[in-house]
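Have a look at the structure below before the remarks.
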Amino acid sequence: MCGIAAILYKTGESTRSQAVGLQLREMLYSMRHRGVDSTGVNIAGQHFGTDYVVRVVVSEDQGASHVIEGVRNAVAALGGSIVFINDFGRFRRIGLNYSGDLGKLSDSILSVKGAEIHSIGRSSEVIKDVGDAYELDKKHHFSKVNGTHGLGHVRLATESQVDITHSHPFWAYPFPDITVVHNGQLTNYHKLKREFQQRGFRFQTHNDSEVIAVYIADKLSRRRKLGDALEESLDDLDGTFTYVVSTDSGIGMAKDRWSAKPFVILETDEIVGVASEEVALRRIFPDDVRRVEPQEHEVLTWNVSLAPRIKVRLN
Amino acid sequence: MTKRLAGNVPKALSAPVSQGYSIDARKLTTRLLNASIKSGVSKGRHITILNPDARHNLAVGIVKRCSLSFAGSVGYYCCAFCDGISATIEGNSGWGLGDNLMSGSIVIREDAGASVGASMRGGQILVWGNAGARAGISMKGGTLVIAGNSGFLTGFMMQRGRIIVMGGVGDAAGDSMYEGIVYVGGEIGSLGVDAKTESATRSEEVELRAFLKALKFRDDILPRRFRKIVSAKRLYQYDSLEPLERERLVI
């Protein structure tokens, strides 16, 4: 089944420290009946103080310190430098300065045995683990993470196995800040994946949803607008889907031609919330905000307004 | 998880209000809430459910004549498998509102999600807002009235009964329907497989208008005329025999 949710504050810069993490936790927890195999979020619009934050999960077999040493060397070999490493069990949140090609950096980190990348972002990071939203928060404290927008997912596995690697959101290798959550099944993802692989893209999982992330990121990197990329995906992706994409500046949604998966939107002048079910949104919005239900073959996007830029003090 | 409920249910009910009971849904699990509704129903009083918070499976399986109202939005399968219920929902609903309704009436003040009135066999559902995709899917009787627009695949695989849409319908309207009628006041996006349109006869128009007036629709908001979507019966393969029974019949 799976459930997806996203939230976006429209005047992002002036209200940078919105409790996006906390609100995603509440939304996802209220949809736990749609799946508790894993839960994950991407919280965007953060200020890291470094060029990138890389979210890495390390394999237990290899020994964490050994793997991290390998990552450190890999980054250093490309002229980058690691500024901080936060420790969350098997997960590491690595802040680093690096000015080169992101593809090279990702390949170099992935070449370290036992290291797997969950996300690389300039202003966003993916936090995902098995279990429900409160279990995720207990381990990763994401409810304290603020930002301008974010998305999340609760998973009932259908297309691939239940583990951390195959949980959502999926980051689009090797593009910073582009992530996807998806509810549904794609039937032509093998074909799309093969096409991308022939063009040199690298996939970390066997999951159908990862292909959507790369598909959208590839279009955006070729200067397509998010709305156009989503629109084109309606014909290129086959199967049932409703998915949400998060970029550094906004979110977008696309719904398949069968209208097979549920999706509702609640929107005010300041904030927009989207989710598989209204039950998630009523945790945040008062009763008088009118619900909108997108229909089949529909695409919508929302942007964080960057106009009222206010200097934010960093911790 | 939840223990089977026996005698302690009425305690979950709040203080009686003038027209009947009110129940605060936030204080109860869904199972306890449904048990409380049933318990109140058997006392024959009106029940108001406060703070339904778009939760799922509320007021399911009630087979008594009763009167309910929900002071907010409800989730999936609200009032499913009910017989004789009279319910009002002040907000929106999720998927499958009034699934398999046998008799009674459900009124929803705002929008209904997908599959409203799925497999309903009797009674009446009135949606004051819009309906999502597949409204009246597999309907087997009764009347579904939608005051706004209805989405994709309206009346999908409908077998009996009628759907009255005052606004327009989306694409693939009446797809694979067997029997029954979809009346449409507005635009038809496109017709589904083996569906055709006819204009409503004069006596049908008169009957429809009288029916809608009885539901308190003002004359001036009624559509000027209705078109109806019915099965073209080119692909009609419909009988009530099970495959095994049919085999025996041939032998």
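Rule-based calculations on the coordinates, nothing more; no lab input. All values derive from a computational prediction rather than experimental measurement. Don't worry about glycine lacking a Cβ; one is built from the backbone with ideal geometry, like all the others, and counts go over all protein chains shown.
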Reduced Cα scattering model of chain A, Debye log10 I(q)/I(0), q = 0.06 Å⁻¹:
-0.18
Here the convex hull volume per residue of region A:135-231, taken over Cα atoms and given in Å³, is 119
Cα convex hull of region B:119-195, projected area averaged across orientations, nm²
3.7
In deg cm²/dmol, rounded to 500, what helix-only [θ] at 222 nm does chain B give when every DSSP H run of at least 4 residues adds -39500 (n - 2.57) and the total is split over its residues?
-4000 deg cm²/dmol
Bins of 5 Å, beginning at zero and ending with the bin holding the largest distance: percent of Cα pairs per bin for chain B, please.
1, 7, 14, 17, 17, 14, 10, 8, 6, 4, 2, 0, 0, 0
Calc'd 3J(HN,Hα), region A:143-157, phi into Karplus 6.51 cos²θ - 1.76 cosθ + 1.60 (θ = phi - 60°), Hz, glycine/Pro = x, comes to 5, 8, 8, 9, x, 9, 7, x, 9, x, 8, 10, 10, 10, 5
Long-range amide H partners of residue B:200, meaning residues 5 or more apart or on another chain whose placed amide H is closer than 5 Å, are B:226, B:228
Residue among A:294, A:169, A:286 with the largest mean-square fluctuation in a Gaussian network model of chain A, springs linking Cα atoms under 10 Å
A:286
Computed over chain B: longest principal axis from alpha-carbon atoms vs helix B:30-41 long axis, angle to nearest 10 degrees, is 90
For region B:190-203, what does the Karplus curve 6.51 cos²θ - 1.76 cosθ + 1.60, with θ = phi - 60°, yield as ³J(HN,Hα) per residue in whole Hz, taken in order and with x for Gly and Pro?
6, 8, x, 4, 6, 10, 9, 9, 9, 8, 5, 6, 4, 5
GNM, chain B, Cα, under 10 Å: largest mean-square fluctuation among B:32, B:215, B:97?
B:215
Of A:250, A:131, A:49, the most mobile residue in a GNM of chain A (C-alpha springs, cutoff 10 Å) is A:49
To the nearest µm²/s, what D does Stokes-Einstein give for region B:144-236 at 25 °C and 0.890 mPa s, using the Kirkwood radius over alpha carbon pairs as Rh?
189
At each listed q (0.16, 0.24, 0.27 Å⁻¹), what is the log10 of I(q)/I(0) that the Debye formula gives for region A:49-122 modelled as equal alpha-carbon point scatterers?
-0.46, -1.10, -1.42
If the viscosity is 1.567 mPa s and the temperature 4 °C, what Stokes-Einstein diffusion coefficient in µm²/s follows for the protein assembly as shown when Rh is the Kirkwood radius over Cα pairs?
51
For A:293-299, what's the mean count of beta carbons from other chains sitting within 10 Å of each residue's beta carbon?
5
Taking every pair of alpha-carbon atoms in region B:32-139, give the share separated by more than 16 Å as a whole percent.
48
Which ³J(HN,Hα) values in Hz, rounded to whole numbers, follow from the phi angles of region B:85-102 under the Karplus curve 6.51 cos²θ - 1.76 cosθ + 1.60, where θ = phi - 60° and Gly and Pro get x?
7, 10, 10, 10, 10, 7, x, 9, 10, x, 6, x, 5, x, 3, 6, 4, 8
Just tell me how shielded B:168-176 is by partners: mean number of partner chain Cβ atoms within 10 Å of each residue's Cβ, no decimals.
1
With -39,500 (n - 2.57) per DSSP H segment of 4 or more residues and division by the full residue count of chain A, the 222 nm estimate, nearest 500 deg cm²/dmol, is -7500 deg cm²/dmol
Ratio of region A:1-157's C-alpha Rg to 2.2 N^0.38 Å, to two decimals?
1.06
Under the rule of at least 5 residues apart or a separate chain, name every residue whose amide H is placed under 5 Å from the amide H of residue B:104.
B:84, B:123, B:124
